[in-house]
Amino acid sequence: MWFPVSYFINNSYCSGCFTFTGGKDRRSGLILTIPLCTEQTSMEELSSTLDYLLGIPSDKCKARGFTVIVDGRKSQWNIVKTVVLMLQNVIPAEVSLVCVVKPDEFWDKKVTHFCFWKEKDRLGFEVILVSANKLTRYIEPCQLTDEFGGSLVYDHMDWVNKRLVFEKFTKESTSLLDELVVINESEKSNQLDKERPPDCNFLPSLDPETVLQTGHELLSELQQRRFNGSEGGGVAWSPMDDELLAQPQVMKLLDSLREQYTKYQEVCRQRSKRSQLEEIQTKVMQVVNWLEGPGTEQLRTQWGIGDSIRASQALQQKHEEMESQHSEWFAVYVELNQQIAALLSAGDEEDLVELKGLQQQLSDVCYRQASQLESRQNVLQSAHEFHGTAQDLSQQLDGLLGMLCADVAPTDGAAIQQTLKHLEEKLKSVEGSLAGLREKGQVVMDQMSNQTTWSYGKDVPIENKENIDHIQGVMEDMQLRKQRCEDMVDVRRLKMLQMVQLFKCEEDASQVSLWTFPSSSLPCKPHTCTHIRLGDDAQETKVLLEKHKKFVDVAQSTYDYGRQLLQATVVLCQSLRCTTRSSGDTLPRLNRVWKQFTVTSEERVHRLEMACSFHTAAEKVEQGDLPVEFEQETYEEVETVGKALLDRLTVPVIFPDGSEQYFGSPGDMASSALHIRDKMKLVEDRKLTLFTLPVACPS
């Protein structure tokens, strides 16, 4: 029976301590003190208090009996009598002696005519009326408190406080034990029946740690009072403390509570682990469902590669946004993977298979999705490079086509060669870019052919026919444009080579004219005009004449070659549909030069022939082996030819256009004329000598 301990503090009739003080009678029975007051006492409350107090001692103590001290010094006799009779009804078997402490002025004999000693058999215990100072006859002073003249130290408020703590602990621990047992048994049933949903909300109403702490503090206080006693300066301890405050009961409750709390902690650990596992399962399925659902759908719909750099850049930006969304889920994957790894390192054997399965499923889905993202990124990057190369190649082809479509007006062969070299370099660069375009296009097509998506639990190839057709179309278009440019380069190359040939012909034709008339001064001076020597004798003159004829033959061949070159330039100009720089005036100039050369050459021949005749006739005269009849004729021939030759040397050459040109310088002509005159004088002297000798002989 639980009785509110606060009654011992607040009851109105209690001037002393209605309780066990810890004292013992001579039979080692407990002493129960019942102080009575002058005011009306509630027998019901008194009975309840006795029931509460009698529930405190152990059965062993109860077997030794009780000595009850009824302090009636401040009460009336009828109340004392009622209390004694009440003891008969409440604890007749446990009470061995009742000592009624009477006041100094004894009650009226009329009142006390009731003799307790005569009622011993009916009451079941002995009742003694005794003064407070005579109480030591029946109870040792050391077992009595100071109010009865004893030396037993007892603090009723301290006892009440300890009882309050004990009752609170007992009540809370008992309730907590019941709850923990129910929780532990329920968890055990849940483990046996795994299909049964666990009651995760069933928690103890009290904090086990707090209750255990209260019990340990209470036990520590009891043990400290027992071993220290009054030596520590605190309240003295009596041998009944451990029985009155139920130290063994506290220890038993603590042991039971620790046992059940340990089980409960394991239950909580299992609940926490199960909750964490369920939370991980939920998050794993969220990640898996998003990656296999919306994430896969995003990848499935984003399959294009664009048709230009700008379009591919826009697709790359969309892909980066998609990667950003995936990164958030991949971050969750990393966190979950760490949590699963921690659980695997400290998990139970039964959880390892499930955890590893979750980890494997999560890793497979995330790695597969990351692989598809990377594959898509690689395709977009390769497509961007492909479109960039295609754009560069298109610009190169446009530039090459512009060069080929522009009119060519080179000034000379070197300029043509430079232009041809530039065209070849452009064409070579185009070929290199086209090869790079084919290589990048093949890379994109290979990547797209290996690209797959995850749908309905299996890999499904992505339809990339449109993208592949676009790449092949771009490469074919660039190939056609490059082929057209190559054809135009071939035509331009042929035209350039013809122009080189044209310029060469013109230069050679000009060289013919310059060779024939090398001087650039006006009037022009042919080679024959510089060949003025006539020889010193007939033999030398004949040699000069022979050389001159060979020279004329060479000039004739050169002239014919020049005409052929000029004819070739006409044909090339017609083929090139252009006008030559010099063919219009080169041919007339060549013809004019040739006529001048012919006139000069003929004049040179005439002079050499006359010189040859002059030297031959003069040499005949000088040798003197001519017949007499021919000598006069030979002298006249020398004189006639010599004078004619001298006259011819002073006459300029008149060209068909009316211009004139002298052979050599005046000094050269004077030297030749002097040589002829000297020879004519020799012949004249010989003539005089020959024809004057016969006249002088007769004298």
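The values are calculated or read from the model by the stated rules, or taken from the named source; none is laboratory data. Because the structure is predicted, anything quoted here is derived from the model rather than measured. A quick note on method: Cβ atoms are made from the backbone with ideal geometry, for glycine too, and the neighbour counts reach across all protein chains shown. Only protein heavy atoms, including side chains, enter the accessible area calculation; ligands, DNA and RNA are left aside. Shrake-Rupley method; radii C 1.70, N 1.55, O 1.52, S 1.80 Å.
Can you work out the FRET efficiency for the pair residue 592 and residue 480, with r the C-beta to C-beta distance and R0 = 51 Å, to the nearest 0.05? Please report the intermediate quantities before stating the final value.
Values: r = 55 Å, r/R0 = 1.07.
Approximately 0.40, to the nearest 0.05.
Just to make sure I understand: if all protein chains stay in place, what is the order of 60, 162 by accessible area at 1.4 Å, largest first? If you can, show how the numbers build up before the last one.
Working: 60 145, 162 30 Å².
From most exposed to least exposed: 60, 162.
Other residues lying with their Cβ under 9 Å from the Cβ of residue 534 contribute a combined charge of 0, Lys and Arg counting +1, Asp and Glu -1.
Remark: segment 259-375 projects, on average over all directions, an area of 8.0 nm² (convex hull of Cα atoms). Of the listed residues 561, 333, the order by accessible area with a 1.4 Å probe, largest first, is 561, 333.
Which translational diffusion coefficient, to the nearest whole µm²/s, is obtained for segment 21-72 from the Stokes-Einstein equation, given a Kirkwood hydrodynamic radius over C-alpha pairs, 10 °C and 1.306 mPa s? Walk me through the numbers on the way to the answer.
Working: Rh = 12.0 Å.
D, rounded to a whole number, is 132 µm²/s.
Charge tally for residue 286 (other residues, Cβ to Cβ under 13 Å; Lys, Arg +1; Asp, Glu -1): -4.
Note on residue 318 and residue 78: the model spin-label points, each 7 Å out from Cα along the C-beta direction, lie 10.7 nm apart. Across segment 247-380, the relative contact order, built from alpha-carbon pairs under 8 Å that are at least six residues apart, equals 35 percent.
Most tightly packed first, judged by the mean number of other beta-carbon atoms within 10 Å of their residues, the peptides 173-180, 614-621 read 614-621, 173-180.
Rounded to two decimals, the Cα radius of gyration of segment 333-450 over 2.2 N^0.38 Å is 2.13.
Put a dot 7 Å past the Cα of residue 153, heading toward its Cβ, do the same for residue 504, and the two dots end up 14.1 nm apart. With K and R counted +1 and D and E -1, the other residues having a Cβ less than 10 Å from that of residue 65 yield a net charge of +1.
Highest-first packing order for the peptide set 250-258, 94-102 is 94-102, 250-258, based on the mean count of other beta carbon atoms within 10 Å. Residue ranges 63-71, 389-397 sort as 63-71, 389-397 when ordered by packing (mean number of other C-beta atoms within 10 Å per residue, highest first).
With r as the distance between the Cβ atoms of residue 345 and residue 186 and R0 = 35 Å, compute the FRET efficiency 1/(1 + (r/R0)^6) and round to 0.05. Write down the numbers at each step before the final one.
On the way: r = 29 Å, r/R0 = 0.84.
The value I calculate is 0.75.
With both labels modelled 7 Å from their Cα along Cα-to-Cβ, the residue 45 to residue 297 distance reads 7.8 nm. Could you sort out which of 620/679; 426/482; 547/681; 595/643; 318/440; 643/679 sit more than 18 Å apart by Cα distance in this structure? Over 18 Å apart, Cα to Cα: 547/681; 595/643; 318/440.
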